[in-house]
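Step one of this worksheet: look at the structure below.
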């Protein structure tokens, strides 16, 4: 069933509802076809997950038997969490029949006892594992042995891959690299939103994954391409989306895909008039819906953090955050205090450092902050 609203804000449906990224898609497909692993870097909400799903869709179009698997490790806290999620993602997925899946999983997974359920549509088994802490690394090795044993070509995307640097166990990067480099039939996409961490992981000669992948970075969708994509859907329902109106949305959210989609999604079902006033009304609605959440979130932070966060919101983007002018303009404390607050805000991902300077990560929160009194 086709989506009722063409401006998707979660999930992926088909190329018809996916804007541009033709060059990036082709680059990823070409790399995978030639046996290269990839590092995909983009700020959160720029559209990297959608790009992965779109690439997998295009791969299936040309090669229906291609196996593509996706896992998001953002919520994992340690190697045990990673191993369980990895097992649940891949076990049984590279086999052609339920019986072969059961046999091979049983053959390779010896350190724990997988629990099988069966997919109602395909009939294929889905394995769930519970791993004792002392067996985590043994189970991880067994999963890679299982992948290697199939000989089938498979592409696995691991999203928010920088999360492994937060695991308490030492040597996780080296451990994963030692397994991945010997699985010749599997290619990986390592995707991440913390640009500086991902670059350090893959471009530093001191790190295990150094120069082991082809790096792809994605930026904003071209304004002209995005407008053409958007206006085509509005024309189908006999609504006019003018270029200047679209530019107002694009510029207000700096071209970040998810925020533009969120506005267009509501605008699509809005009244007949599409102008800056209706867009401001929609932004106000979205911000109001999250106001309680924003307030509760900030109540856990000291006053210095909230004042700095609002100052960044008012500026939009701050390049020299410890400059005397910026501190004086917003009545902040000394540069040392600003640095401490900044570190806390960056670590908690309320603030993000771009090439142009520091911004509030959540653009709707940015709008909310502008109207708060701290």
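The values are calculated or read from the model by the stated rules, or taken from the named source; none is laboratory data. None of the values given here were measured: they were computed from a predicted structure. For neighbour counting, all protein chains shown are included, and Cβ atoms are generated from backbone atoms with ideal geometry for every residue, glycine included.
Quick notes
- Filtered by the rule that a residue be buried (at least 17 other Cβ atoms within 10 Å of the Cβ) and in contact with a strand residue (DSSP E or B) (Cβ under 8 Å, 6 or more places away or on another chain), the range 125-142 gives 125, 126, 127, 129.
- Which numbered condition residue 76 misses (of (1) surrounded by 19 or more Cβ atoms within 10 Å (Cβ to Cβ); (2) without any contact (Cβ under 8 Å) to a residue 40 or more places away in the chain; (3) closer than 15 Å to residue 159 by Cα): (2)
- Conditions (1) surrounded by fewer than 14 Cβ atoms within 10 Å (Cβ to Cβ); (2) in the same structural domain as residue 153 (by TED's automatic domain parsing); number of the one not met by residue 11: (2)
- For residue 193, the test of being closer than 16 Å to residue 31 by Cα, touching a residue at least 60 places away in the same chain (Cβ under 8 Å) and touching a helix residue (DSSP H, G or I) at 6+ places or on another chain (Cβ under 8 Å) is failed.
- The criterion of being touching a residue at least 12 places away in the same chain (Cβ under 8 Å), farther than 24 Å from residue 196 by Cβ and part of a helix (DSSP H, G or I) holds for residue 310.
- Answer residue from the range 39-66, given it is more than 15 Å from the chain's Cα centre (by Cα) and buried (at least 19 other Cβ atoms within 10 Å of the Cβ) and is modelled with the highest pLDDT among those: 56
- Filtered residues of the range 286-336 (kept if farther than 20 Å from residue 348 by Cα and loosely packed, with under 12 Cβ neighbours inside 10 Å): 288, 289, 320, 324, 325, 328, 331, 334
- Of all the numbered requirements in (1) within 21 Å of the chain's Cα centre (by Cα); (2) farther than 21 Å from residue 218 by Cβ, residue 326 misses one, and that requirement is (1).
- Exactly one residue out of 89, 83 is modelled with pLDDT of 90 or more, crowded, with 17+ Cβ neighbours inside 10 Å, touching a helix residue (DSSP H, G or I) at 6+ places or on another chain (Cβ under 9 Å) and in the same structural domain as residue 144 (by TED's automatic domain parsing), and it is 83.
- Residues located in the range 120-168, provided they are in a loop (DSSP other than H, G, I, E, B) and either within 18 Å of residue 95 (Cα to Cα) or modelled with pLDDT under 95 (or both): 120, 121, 122, 123, 124, 129, 130, 131, 132, 151, 152, 153
- Checking the range 218-226 against the condition returns a match, with at least one residue being more than 30 Å from residue 34 (Cα to Cα), touching a helix residue (DSSP H, G or I) at 6+ places or on another chain (Cβ under 9 Å) and surrounded by 12 or more Cβ atoms within 10 Å (Cβ to Cβ).
- Of all residues in the range 99-115, one or more are assigned to a strand (DSSP E or B) and at pLDDT below 85.
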